[in-house]
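Values in this text are rule-based calculations from the coordinates and carry no lab data. All values derive from a computational prediction rather than experimental measurement. So basically every Cβ, Gly included, is an ideal-geometry build from the backbone, and we count neighbours across all protein chains shown.
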Amino acid sequence: MTFNNAQLHPAVVFKNQGYRNAAAYSRYLRRFRDRAIYPSFSIHPTCFDKYDMHIPSLLKNLGWSSLVENMRFSYCPEAVRKFYVNIKRGPGCDPSFFTTIVFDNEIKVTSQLLATLLDLPHSGVQAGTEGEFSSHGFPFDTALESLTRDIGQYYPNRLAAGRLYDDLKVLHFFITRSFLPRDLSTTNILDPTDLWILSNAKAGCPISYASLMFQHMLRFGMEYFSGPLAFGPQITKLLYKLGIDLRDKIILCNILEEVRPQHVLAKLDAEVGPRKLVNGSGGVRADPAKTYQSGKLVEALMDAAVTVVKRESTKSQKQTGSLKRLREKDLMWPKFVYESGTITDAMSSDSESEEEGGVSDYE
């Protein structure tokens with residue numbers, strides 16, 4: 001196809017280089033050319049152990065432990081975009097495979113191919129769509145009730161991810177940002193795939209990650225999802241394993257190093273984190289059932305408080321002169337005192353050192 005202008009020579013000649021036809025090339029220009037690729041992040045599930053959230057155990061239940069062994073990959077943006085723009089289902093919408101064209105190489109993709117070349121978990125139940133979940137007798141409503149709870153906060157609908165238990169909130173974070181990434185505007189909703197994964201993680205039933213990834217690729221290729229394109233590193237690795245030469249292409253590596261467990265917990269409005277001390281992080285979580293059990297305990301606490309106030313009052317009088325001199329010497333004295341360790345943040349925990357660098361702008 002040639003684009004002509006009455007007063008100019010042909011500006012572009014379409015030669016089907018990496019596209020099925022002119023329509024696919026037009027679709028690429030409209031929908032995929034400027035799409036970003038989802039970034040990776042370096043946070044590991046074991047970082048949540050100190051908050052009594054054993055996310056690795058949930059991943060082990062699914063058979064997905066290998067997914068977090070290496071979360072650092074490079075990717076080729078051009079190849080990833082062409083992979084998605086050319087996705088075509090098998091004949092008669094055959095759900096077992098789809099084909100795509102990347103740099104004039106036609107590729108037939110199956111969940112087994114993904115599992116083999118990318119070393120993805122493929123054991124257990126192999127299902128990737130809502131219909132396949134139903135065919136295995138998965139009870140969506142029952143699963144939703146068992147995974148969520150009433151936390152005294154209003155949500156616009158019963159599928160809000162904020163209703164999950166804290167450990168499941170974190171696992172849902174990994175699902176929607178890493179394992180099966182999607183547009184951030186939809187990450188607060190529990191879709192059927194989320195319920196399928198979370199329910200099997202709690203029940204200890206292995207399921208195929210390759211099957212889920214296969215269907216997720218199809219959704220992005222069929223324009224079901226907007227936002228950044230998923231699986232950039234995995235697609236690049238797949239093409240490399242298939243022998244497609246990417247040596248003259250631009251390769252990028254985008255890793256969000258600043259994401260920390262406390263950032264995630266704050267974003268998810270979890271009950272644990274900077275607001276509470278838990279076992280292994282410098283304190284013991286308070287047991288609400290044992291709080292204010294007797295009047296004697298309250299009286300003892302009040303006496304202790306009065307003693308502390310008196311002692312601090314005496315100390316402050318002695319330090320008044322020193323503080324005045326310090327203020328005159330350095331107008332930034334609060335910052336100086338904080339950095340010197342004299343004043344500490346009452347909301348901090350023993351993981352304060354890992355929070356350096358500020359709150360993540362990931363979202």
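Applying 1/(1 + (r/R0)^6) with R0 = 30 Å to the Cβ-Cβ distance of LYS267 and ARG33, what FRET efficiency is obtained, to the nearest 0.05? That pair, LYS267 with ARG33, gives E of 0.45. Given their separation in residues at 0.36 nm each and the Cα-Cα distance between them, SER57 and TYR155 gain 32.4 nm when the chain is fully extended. For the set LYS169/LYS202; LYS60/LYS267; LYS108/LYS237; LYS60/LYS108; LYS82/LYS108; LYS60/LYS237, the pairs lying more than 21 angstrom apart at their alpha carbons are LYS60/LYS267; LYS60/LYS108; LYS60/LYS237. What the Cβ-Cβ distance of ASN105 and ILE189 gives, at R0 = 45 Å and to the nearest 0.05, is a FRET efficiency of 0.80. Treating each Cα of region 85-226 as an identical point scatterer and summing with the Debye formula, the log10 of I(q)/I(0) at q = 0.17, 0.18 Å⁻¹ comes to -1.00, -1.10. FRET efficiency for the pair ALA23 and TYR240, taken as 1/(1 + (r/R0)^6) with r the Cβ-Cβ distance and R0 = 30 Å, rounds to 0.60.
The 3J(HN,Hα) values that the Karplus relation (6.51, -1.76, 1.60; θ = phi - 60°) gives for region 235-249 are, in residue order, 5, 4, 5, 4, 5, 4, 5, 7, x, 7, 7, 10, 5, 9, 9 Hz. Gly and Pro appear as x. Amide H contacts of PHE41: LEU256, each under 5 Å away and 5 or more positions distant or on a separate chain (H built 1.01 Å from N in the peptide plane; Pro and chain starts excluded). Shape analysis of region 47-95 based on the Cα gyration tensor places the equivalent ellipsoid semi-axes at 35, 18, 8 Å, largest first.
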